Structure formats: structure tokens, C-alpha cells
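The values are calculated or read from the model by the stated rules, or taken from the named source; none is laboratory data. Quantities reported herein were computed from a predicted structural model and do not represent experimental measurements. So basically every Cβ, Gly included, is an ideal-geometry build from the backbone, and we count neighbours across all protein chains shown. Protein only, heavy atoms only, side chains kept; ligands, DNA and RNA dropped before computing areas. Shrake-Rupley method; radii C 1.70, N 1.55, O 1.52, S 1.80 Å.
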Amino acid sequence: MDRLPDRDLMERSADDSSGPPVRVLLVSHTCQVRSQGQMKAAWLATLPGIQLHVVTPDRWIDDYGAWRSAETPTTKAFSFEVLKCRLPYVGPFKRYLHHYPKFADVLREFKPDVIDIWEEPWGVVSGHICRLRQRILPSARIISETEQNIDKKLPLPFEKIRRYSLRHADFVIARNAEAVEVTRKKGFVGPAEIVPNAVDVDLFHPLDRQQCRDALGFKGFVAAYVGRMIEEKGLMDMLDALPHLDADVHLAFVGAGPFLPALKQRVAETGREKQVSFLAGRPLEELPAVMNAIDALLLPSRTTASWKEQFGRVIIEAHACQTPVLGSDSGAIPDVVGQGGLIFSERNPAALAGAIMTLKNDPGLVRQMGLAGWRQVHDHYTWQRVASQMHDIYMKVAGRPADVNSVRAGSPPTSGGTPNPAAHAS
């Protein structure tokens with residue numbers, strides 16, 4: 001389960017530890033948000049043998065271009081510090097110039113054993129922290145996290161910063177196997193491990209499917225894309241697949257972004273308005289109803305010279321709702337989809353349409369893949385599972401034994417419920 005752990009659990013876990021705790025400093029803009037990084041931090045803080053301090057920026061710009069401030073955690077299981085962030089967003093450099101002018105004070109006061117930099121190694125923040133560690137607290141161990149799965153030379157100063165950060169890192173955490181290989185090619189020779197993204201299974205879980213469909217006005221077989229409307233997500237391939245689909249197949253686009261006008265124009269030009277709908281982007285709390293209202297989630301991403309899919313968090317959000325996923329073979333998509341859907345070749349509308357029709361014509365396969373995806377989430381992609389994996393890494397990096405088998409075993413999901421074979425029956 002992923003419901004935030006309570007104070008009693010934290011205290012019981014602390015009682016189980018022996019010796020001084022490993023002092024872990026987690027630095028991440030993702031920890032601004034309660035439903036994202038703070039979920040992982042809260043579970044981490046319940047595990048024995050660590051003392052967790054989280055640092056996050058005072059302001060940040062999200063993927064949709066909206067500025068946000070740090071949310072106050074709903075739990076006191078970990079200490080939380082909002083630091084003034086310099087250069088959080090600068091034109092073509094985006095968010096990679098951001099850093100914390102007062103970070104040296106944090107090192108001197110908290111004196112961490114392990115510093116987990118949950119930011120890309122080429123960002124100024126990574127290089128700055130590594131430099132301060134060398135000068136102020138050389139005994140502290142550095143963990144560098146990355147999602148970059150394309151081997152490309154970055155422009156100055158970012159390539160130099162990446163090599164510097166990786167040279168001073170003691171451990172690398174990657175979101176996918178290709179990202180590990182990229183760090184190797186950039187000079188990292190130390191230990192590395194793949195740690196996935198996670199989903200809140202108390203928020204994303206099976207709901208009354210027909211009720212969700214009625215609320216959105218969905219009829220027929222509905223395949224939907226949910227996320228940012230940008231060209232590299234392969235959204236035009238969805239529209240180009242329409243001639244290969246039955247008339248009762250409906251395509252939905254949920255979200256916002258710069259590519260949205262081009263999509264609407266193509267629909268108008270082809271006269272397919274009855275088969276396509278556009279829904280505005282909505283907050284995370286409203287997405288479970290969308291995931292339960294659709295028959296399949298589409299993720300037709302296209303690999304480019306500078307980007308390919310690094311994980312695809314919407315995949316596990318759909319899977320947590322027992323909704324199968326149809327994804328292209330770009331980047332990490334096939335690994336994350338696993339047995340919970342079908343894979344088609346990218347930039348191939350006919351293959352995309354074929355995958356949709358395969359599910360439309362086989363309701364039993366829809367149910368089977370929905371259940372498989374649900375099980376994958378609860379086996380690998382809950383915040384509790386990811387926190388347990390991170391805890392083991394912290395202890396390993398600090399040279400301490402890790403024994404959290406009772407925590408890893410966990411307990412049955414609460415709101416996530418048990419698998420419901422009828423959840424996506426036609």
C-alpha cells in the first residue's frame with residue numbers, strides 16, 4: 001500500500017535499528033510535491049537505520065510551464081527544508097542551471113553520510129554539490145540519479161559538469177538499463193542499479209468503470225493518450241491510424257501542450273470529429289477516473305536524435321487501474337509495459353491500429369493484460385517498494401548491513417484493492 005505511513009510505524013522502525021543511523025540528505029525538486037517525491041521520502045523515513053533530511057527548491061516550473069511552490073509534507077517522519085533556488089529556469093538551458101547558494105550551510109549543519117542527488121548529473125546543482133562535498137565533507141558518499149538513455153554529447157558547460165559529477169559519484173541510480181550504459185560511456189566505473197518510478201496505489205486503483213465512462217461521455221472502445229501534447233509523443237500517428245480502425249473505436253487526447261492546435265487541425269481536415277475527443281488537462285487527483293474510463297492507454301512515442309521514452313509514468317498509472325497499455329518500442333516503454341499490454345513499432349500508424357483492434361476484438365485479453373499490469377505495479381512500482389530498494393542502496397553505500405525483509409514484504413493494498421477480473425469487462 002502507499003498510504004502515507006503514520007508516526008507509530010516510524011517510531012517502531014526506529015526502535016528496530018541498532019547503532020547510529022545513516023544520515024541521508026535527499027536533494028530533489030520532485031520532493032516539492034506531496035504525491036510524488038514526498039511519498040518516497042515518507043516511506044524511506046519508516047525504514048530502520050536512517051535519518052532522512054530532504055532539500056527541495058522554493059520555486060520550480062513544471063512540464064506545463066506553470067510555476068509552483070513547495071508543498072508542506074503531511075507527515076513529520078522526515079525533516080524537510082525549502083532552500084532558495086537560483087536560476088530555476090533560464091530559456092534554452094531550461095532547469096539545468098538551478099542550484100542552491102546556501103547548500104554549504106546544509107552540509108555543515110546536517111553532516112550527511114550519504115547525499116542522494118535526485119537530479120541529472122549534468123545539472124549545475126549536481127556539479128555544485130559534488131564540489132562542496134569535496135571541500136566541506138569529503139567523507140560523505142554521493143549517489144547520482146539519471147534518466148538519460150541516449151548517448152549524446154551535451155553542449156558546454158553541461159558535458160563537463162556530467163563528467164565531473166560522475167567522476168565524484170560513489171553510486172549511480174538509473175531509471176532504465178540504457179541510462180546505466182550511458183553513464184558508463186561517460187566515464188562512470190562504480191556500482192549502479194536500476195530503480196524505477198512509482199505510483200500512488202491509494203490514488204490510482206480500479207473504480208466503477210461504467211460510472212467513469214458515463215461521467216466523460218465515452219462510448220464504444222476508447223483508446224486514449226494522457227499527458228503533454230508534444231510532437232515527439234507520436235500523437236499524429238494516432239490520427240493517422242484512424243482509417244485502419246472500426247467506426248466505433250474512439251480516440252481521446254487528455255492534456256495540453258504546444259502540439260494540440262496541430263492535432264485539432266488534422267481532425268478538422270479529415271472530418272473525423274465524431275471519432276476523436278480532446279479533454280483538458282486535469283490535476284493528478286482526477287486522472288484515476290480517466291484511466292478507469294478508457295479501454296486502453298496509448299503511448300506512441302517517437303525516438304528522436306535527442307530523446308526517447310525514459311520510463312513513461314502514465315504506464316504504471318494506467319496499470320494500477322487495471323487498464324492495459326499499448327505502447328511503441330521507443331526507449332523504456334516495452335520494459336515498463338511488460339505483460340500489461342502490447343508493443344508496436346514506432347512511427348507506424350497501421351501497427352498502432354492493429355494493436356488497438358487486437359484488444360477491441362478480445363475483451364478477455366483486455367482483462368488479462370489489465371490484471372497483469374496491476375500485479376506488476378504492486379510487485380515493483382509502488383512507493384513502498386521503491387523506498388525499500390533505495391533504503392538498501394543507502395545502507396550499502398554507507399557500508400552498513402540492510403535487513404528490511406519484513407518491510408519489503410509489505411501488506412495488502414488498501415484502496416488499491418484486490419484484482420478485479422470484471423473491472424474492464426465489456
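Values as computed for the structure displayed
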| item | result |
| --- | --- |
| Residue in the stretch 8-21 that is at pLDDT 95 or above and closer than 21 Å to Pro121 by Cα present | no |
| Boolean, Glu309 is among the charged types (D, E, K, R) and within 19 Å of Arg347 (Cβ to Cβ) | yes |
| Count of the stretch 104-113 residues which are within 17 Å of Thr56 (Cβ to Cβ) and buried (at least 20 other Cβ atoms within 10 Å of the Cβ) | 2 |
| Inter-residue pairs, beta-carbon under 7 Å, first part of a helix (DSSP H, G or I) and in the stretch 378-394, second open to solvent by 10 Å² or more (accessible area, probe 1.4 Å) and small (Gly, Ala, Ser), 6+ apart | Gln384/Gly410; His391/Ala402; Asp392/Ala402 |
| Failed criterion for Gln389 (all others in (1) open to solvent by less than 30 Å² (accessible area, probe 1.4 Å); (2) within 30 Å of Leu52 (Cα to Cα) hold) | (1) |
| Enumeration of residues in the stretch 103-143 that are under 18 Å from Val22 (Cβ atoms) and either in contact with a Ser or Thr (Cβ under 6 Å, 6 or more places away or on another chain) or aromatic (Phe, Trp, Tyr) (or both) | Phe110, Ile117, Trp118 |
| Checklist (1) modelled with pLDDT of 95 or more; (2) over 17 Å from Phe110 (Cα atoms) applied to Lys152, failing item | (1) |
| Some residue of the stretch 95-109 being closer than 19 Å to Thr183 by Cβ and touching a residue at least 60 places away in the same chain (Cβ under 8 Å) | yes |
| Of residues in the stretch 58-96 being over 20 Å from the mean Cα position of the chain (by Cα) and of a type in the set (Asp, Glu), the one farthest from Gly257 (Cα to Cα) | Glu81 |
| Flag for Asp379 being within 20 Å of Phe221 (Cα to Cα), acidic (Asp, Glu) and surrounded by fewer than 19 Cβ atoms within 10 Å (Cβ to Cβ) | no |
| Residues (among the basic types (Lys, Arg) and in a strand (DSSP E or B)) located in the stretch 126-148 | Arg141 |
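Yes/no matrix, rows are residues, columns are (1) of a type in the set (D, E, K, R); (2) out of contact with any strand residue (DSSP E or B) (no Cβ under 9 Å at 6 or more places or on another chain); (3) closer than 25 Å to Lys102 by Cα:
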residue	(1), (2), (3)
Pro20	no, no, no
Thr30	no, no, yes
Lys40	yes, no, yes
Val54	no, no, yes
Trp60	no, no, yes
Gly65	no, yes, no
Thr74	no, yes, no
